[in-house]
Amino acid sequence: MKTKKKNKDKSSWITGGTTMMGLGVGFILLKYSVMYFLAALLIGIAVGLVITPFIPVNKFNKSAKQS
């Protein structure tokens with residue numbers, strides 16, 4: 001039986017999370033215009049893609065290598 005390798009990198013969760021937040025805001029704004037819905041969704045994706053590179057991949061491993 002093969003065991004799956006756990007991915008400890010959670011930086012991809014940032015993009016998904018901000019997309020979900022944009023979707024939620026978009027549903028609130030949907031009653032005003034469909035374009036507001038699309039704008040909120042795209043802003044959520046963009047914010048996630050901008051924040052993701054700033055999240056350290058393995059901050060515990062980096063501190064262990066320094067000492």
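Annotation: of all residues in segment 1-35 being open to solvent by 100 Å² or more (accessible area, probe 1.4 Å) and either among the small types (Gly, Ala, Ser) or not in a loop (DSSP other than H, G, I, E, B) (or both), the one that is modelled with the lowest pLDDT is Trp13.
Taking segment 36-58 only, how many residues are assigned to a helix (DSSP H, G or I) and either of a type in the set (A, V, I, L, M) or surrounded by 15 or more Cβ atoms within 10 Å (Cβ to Cβ) (or both)? First the steps, then the outcome.
Here is the first cut: in segment 36-58, the ones assigned to a helix (DSSP H, G or I) are 36-54.
Pick out the ones that are also either of a type in the set (A, V, I, L, M) or surrounded by 15 or more Cβ atoms within 10 Å (Cβ to Cβ) (or both) and you get 36-51.
Final tally of qualifying residues: 16.
The values are calculated or read from the model by the stated rules, or taken from the named source; none is laboratory data. None of these values were measured; they are calculated from a predicted model. Neighbour counts run over all protein chains shown; Cβ positions are idealised from the backbone, glycine included. Heads up: the accessible areas ignore ligands, DNA and RNA and are worked out on the full protein's heavy atoms, side chains in. Shrake-Rupley method; radii C 1.70, N 1.55, O 1.52, S 1.80 Å.
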